[in-house]
Amino acid sequence: MPGFRARATGHPAPMPNPSIKDEKTYEELREQGASKEKAARIANAAAGQGRKAVGRRGGKSGSYDDMTKQELYDRAKKVGIKGRSDMSKDELIDALRNH
């Protein structure tokens, strides 16, 4: 907006995307190759609960390689991966890892 300035109220300027609570973490995750959705999920969790708490939670999920195709399909459905019904087990694994 032309002429837009942050007010001198002591509050930080608004984030470029108001749905992202921790813009720095979001940008770092995007640079590392995370999808927009995944980066937003992690950044918002980190902002609400602290980075250490979110980091400790990571890594508890089982290996996708040990799951059946049906389990992978169900997980893909839960996270909203499109085209999952036509995917092989390896394609489902790849889609879930890169979602």
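Let's see how each residue does on (1) of a type outside the set (S, T, N, Q); (2) out of contact with any Leu (no Cβ under 8 Å at 6 or more places or on another chain); (3) modelled with pLDDT under 90; (4) not in a helix (DSSP H, G or I):
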position: 11; (1), (2), (3), (4): yes, yes, yes, yes
position: 27; (1), (2), (3), (4): yes, yes, yes, no
position: 33; (1), (2), (3), (4): yes, yes, yes, yes
position: 38; (1), (2), (3), (4): yes, no, yes, no
position: 43; (1), (2), (3), (4): yes, no, yes, no
position: 48; (1), (2), (3), (4): yes, yes, yes, no
position: 77; (1), (2), (3), (4): yes, yes, no, no
position: 92; (1), (2), (3), (4): yes, no, no, no
position: 95; (1), (2), (3), (4): yes, yes, no, no
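Which one is farthest from the chain's Cα centre (by Cα), of the residues in the stretch 66-93 that are β-branched (Val, Ile, Thr) and under 16 Å from residue 35 (Cβ atoms)?
Among those that are β-branched (Val, Ile, Thr) and under 16 Å from residue 35 (Cβ atoms), it is 93.
The values are calculated or read from the model by the stated rules, or taken from the named source; none is laboratory data. Owing to the predicted nature of the structure, the values given are computational and were not obtained by experimental measurement. Note that each Cβ is placed from the backbone with ideal geometry, even for glycine, and that neighbours are counted across all protein chains shown.
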